[in-house]
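J.: Please find one structure pasted underneath; my questions will follow.
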Amino acid sequence: QVQLVESGGGLVQPGGSLRLSCAASGSLFPIYTMGWYRQAPGKQRELVASISANGTTNYVHSVKGRFTISRDNAKNLVILQMNSLKPEDTALYYCNMNLRIINYWGQGTQVTVSS
């Protein structure tokens, strides 16, 4: 069974930065698309960023230029570097591992952007 463990969330002031990490178990990590989703109170979960097995990245428009997703296949890690954070980035952030119809989710890490 695959396990995803997120870390790096917290409270940050507007304009600050956070670095989220997701550690995955299992030997098939390199073939999966990895993604970060977020869900704010009262809103639907949305895809923030994803990175495919070949390194192709995709971002929701609202974070382009501020967030960067990367992966380290040797360490089974996916990183979301978040800069210039805004209050509207406040949400519970989830790591996702996807291959066709297979999806694995982490438990989530809270990001709060507030002065």
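J.: Give me a comma-separated list of calculated 3J(HN,Hα) values for segment 38-50, in order, Karplus coefficients 6.51, -1.76, 1.60 applied at θ = phi - 60°, integers in Hz, x for any Gly or Pro.
T.: Values, residue by residue: 9, 9, 8, x, x, 10, 6, 5, 10, 6, 8, 7, 9 Hz.
J.: Additional query: In whole percent, how big is the carbon plus sulfur part of the accessible area of the chain, probe 1.4 Å, protein atoms only?
T.: 50 percent
J.: May I pose another question? For Lys75 and Gln13, what is the calculated FRET efficiency with R₀ set at 30 Å and r taken between the beta-carbons, to the nearest 0.05?
T.: 0.50
J.: Which whole-number percent of Cα pairs in the chain have a distance greater than 19 Å?
T.: 39 percent
J.: Give me the one-decimal nm value for the distance between modelled label points at Val5 and Gln44, 7 Å along each residue's Cα-to-Cβ direction.
T.: Once both label points are built, they end up 3.3 nm from each other.
J.: Report the antiparallel proportion of the DSSP beta bridges in the chain as a percent, rounded to a multiple of 5.
T.: For the chain, the DSSP antiparallel bridge percentage is about 95.
J.: On to the next question. Which part of segment 1-19 falls in the paramagnetic zone of Asn98, meaning amide N under 13 Å from the point 7 Å along Cα-to-beta-carbon?
T.: Inside the label zone: nothing.
J.: I've got another one for you. Taking only the alpha-carbon atoms of segment 53-97, what semi-axes of the equivalent ellipsoid follow from 5 times the gyration tensor eigenvalues under a square root, in whole Å, largest first?
T.: On the way: eigenvalues 88, 30, 18 Å².
So the three semi-axes of segment 53-97 are 21, 12, 10 Å.
J.: For segment 1-69, take the alpha-carbon Rg, divide it by the Kirkwood Rh, and send me Rg/Rh.
T.: My calculation of the ratio gives 0.98.
J.: Still on this structure, please answer the following. Nearest 20 debye, what's the magnitude of the dipole of the chain about its Cα centre given +1 on Lys and Arg Cβ and -1 on Asp and Glu Cβ?
T.: For this selection, approximately 120 debye.
J.: Run the reach check for Lys43 against aspartates and glutamates, Cα to Cα strictly under 13 Å, same-chain hits fewer than 8 apart removed. What comes back?
T.: Leaving aside aspartates and glutamates fewer than 8 places away in the same chain, those within reach of Lys43 are Glu88, Asp89.
The values are calculated or read from the model by the stated rules, or taken from the named source; none is laboratory data. From a predicted model like this one, the values you see are computed outputs, not experimental measurements. When we count neighbours, we look across all protein chains shown, and the Cβ atoms used for this are built from the backbone with ideal geometry, even at glycine. For the accessible areas, the whole protein counts, side chains as well, though only heavy atoms, and no ligand, DNA or RNA atoms are used. Shrake-Rupley method; radii C 1.70, N 1.55, O 1.52, S 1.80 Å.
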